[in-house]
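In what follows, a single structure is set out as structure tokens and then discussed.
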Amino acid sequence: DALKKAMHGSEFVGYESATTTGTIVGIIAQDRLCESITEADAVPPTIEHKPDQLVTVILDKTSFYGESGGQVGDTGWIEGPNGKFEVINTQREGGFFLHRGVLREGSVELGQEIHAHVDEGRRKAIRRAHTATHLVHAALQHFLGSHAVQQGSKVDADILRFDFSHAAPVGHELLRDIEAMANESTLVAAPVSANLLPLEEARHAGAMMLFGEKYPDVVRMVSIDGISRELCGGTHVDNTGEIGLVKIIHEESVSAGTRRVVAITGHRALERFRQAEATLIESANTLKVPVPDLPTRLNSLTKELKTLKRQAETNQADISIDELLNSAEEVAGVRIVVADAKGCNAAAMRQCIDQLRRKASPIAVLLGSTDNGKVTLVAGISREVESKGVSAGTWIREPASLVGGRGGGRPDLAQAGGKLAAKLPEALAHAKQEIRSSLED
């Protein structure tokens with residue numbers, strides 16, 4: 001507040017240059033105005049700073065863009081005669097640009113003349129993304145309609161997030177068309193310019209304005225020749241060719257009636273394509289096919305896996321119908337088969353029981369198996385046995401209890417599970433004795 005009373009604010013010269021010479025007019029540490037920060041407050045460059053170590057330095061003029069309008073603040077360095085201050089982020093408040101960061105060397109003091117320089121590589125990446133935001137906005141309006149106006153945005157280094165009015169998801173084909181139009185705009189290297197002019201003049205020029213937004217009498221209009229005009233205070237490229245590639249990577253709903261697209265530009269887009277290419281090449285090498293043949297090969301593998309899965313579900317492992325029948329005993333004219341199915345799953349055991357009933361009725365069968373410490377039991381009887389008052393559902397209950405589980409089912413077919421794999425032999429012996437008793441009665 002004291003600074004606001006003494007000065008009208010900081011002068012921003014960042015549109016013209018990424019470096020400037022200025023004077024320190026304010027230092028704020030731990031929410032207090034300070035005369036200086038000294039070497040005792042310095043955080044060496046090799047050490048990560050802590051949030052409570054952030055100090056605010058305010059200059060009379062600066063080339064650092066303060067976070068606003070969806071664009072992130074600049075980072076960089078402020079260097080004085082006796083010290084170096086790293087700017088982690090830049091904010092705006094009441095006309096002042098707040099350089100938030102940590103002292104890395106020496107000291108800085110009020111009234112010192114300093115040299116401030118923005119991280120130009122990052123600034124260029126932000127400029128690419130911001131101008132690309134305008135291109136995406138223009139393309140959205142072209143394909144979706146004039147209702148697709150901005151509802152919010154965030155612009156960072158070679159990545160942008162843009163929220164817009166639209167009720168339905170934007171399909172893949174439409175997104176591809178929007179992306180293609182944005183890239184056509186970069187290929188023509190259209191000039192980008194910014195001018196200060198009266199609000200009414202900007203309105204007559206067709207500048208895009210946000211509904212309900214309050215604008216000053218004099219506004220800054222960013223024009224992309226033949227493509228778009230928007231009121232914008234952000235930093236931009238000199239021509240669209242500097243953007244390189246625009247790649248839309250995501251589309252989603254934000255809220256009712258609002259959608260969001262996320263896109264990348266420049267180096268970030270190039271790196272994404274390099275990663276995708278490396279993944280394709282590695283996959284093609286693994287499958288021993290050329291990259292263009294990958295979809296066909298993957299479809300073939302998918303079908304093979306489905307076939308193998310079906311075969312596994314009906315796999316009968318080492319058990320055979322003939323061996324089971326050879327080991328069967330006969331009580332009251334009914335063959336009894338009770339056996340360890342050696343790793344067969346439930347589907348395989350059910351199929352085995354069906355085959356035994358077709359081949360050797362009248363018959364009563366109870367099979368069990370273990371897998372990863374779990375027990376599966378399946379019991380089945382033929383109609384002739386069922387007519388004697390025997391039920392598969394009743395027969396399986398006690399063996400299931402012995403293996404720590406329970407089960408049930410129809411009179412002719414029942415299934416159970418348990419968790420005491422070591423008890424399977426005991427459960428099978430009990431099942432055999434129980435069916436003998438039922439048939440002998």
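The values are calculated or read from the model by the stated rules, or taken from the named source; none is laboratory data. These numbers come from a predicted model, not from an experiment. Note that we place each Cβ from the backbone using ideal geometry, even for glycine, and neighbour counts take in every protein chain shown.
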key: Spans of strands (runs of 3 or more DSSP E) in the range 56-142 with at least 1 residues in contact with a Leu (Cβ under 6 Å, 6 or more places away or on another chain)   = 83-93, 96-106
query = Here are some residues: Val149, Val136, Val118, Val108. Which one is under 20 Å from Cys232 (Cβ atoms), surrounded by 20 or more Cβ atoms within 10 Å (Cβ to Cβ), in contact (Cβ under 8 Å) with a residue 24 or more places away in the chain and in contact with a Ser or Thr (Cβ under 8 Å, 6 or more places away or on another chain)?
reply = Val118
query = Is it true that His137 is in contact with a His (Cβ under 7 Å, 6 or more places away or on another chain) and either in the same structural domain as Met181 (by TED's automatic domain parsing) or not charged (D, E, K, R) (or both)?
reply = no
ask   = When you go through Glu16, Glu48, Glu67 one by one, which is the residue that is under 37 Å from the mean Cα position of the chain (by Cα) and under 28 Å from His134 (Cα atoms)?
value = Glu67
key: 1 or more residues among the β-branched types (Val, Ile, Thr), within 17 Å of Ala431 (Cα to Cα) and out of contact with any helix residue (DSSP H, G or I) (no Cβ under 6 Å at 6 or more places or on another chain): qualifying helices (runs of 4 or more DSSP H) within the range 300-400   = 346-360, 383-386, 392-395
ask   = In the range 145-234, which strands (runs of 3 or more DSSP E) lie fully inside it and hold 1 or more residues that are touching a helix residue (DSSP H, G or I) at 6+ places or on another chain (Cβ under 9 Å), on the phi < 0 side of the Ramachandran plot and of a type in the set (Asp, Glu)?
value = 150-156, 228-231
query = Here is a list of conditions, (1) buried (at least 17 other Cβ atoms within 10 Å of the Cβ); (2) in contact (Cβ under 8 Å) with a residue 24 or more places away in the chain, and Gly333 meets all of them except one; can you say which number that is?
reply = (1)
key: Flag if Val378 is farther than 18 Å from Ser437 by Cα and not charged (D, E, K, R)   = yes
task = Output the qualifying pairs, or none if there are none: Cβ atoms under 8 angstrom, residues six or more apart or on different chains, first residue in the range 265-277 and of a type outside the set (Gly, Ala, Ser), second residue part of a helix (DSSP H, G or I).
result = Thr265/Ala125; Thr265/Arg128; Thr265/Ala129; Thr265/Ala132; Thr265/Ile243; His267/Ala125; Arg268/Ala125
query = How many residues does the range 8-47 contain that are farther than 16 Å from Gly106 by Cβ and at pLDDT 75 or above?
reply = 22
ask   = How many residues are touching a residue at least 60 places away in the same chain (Cβ under 8 Å) and in a loop (DSSP other than H, G, I, E, B) when one looks only at the range 235-255?
value = 5
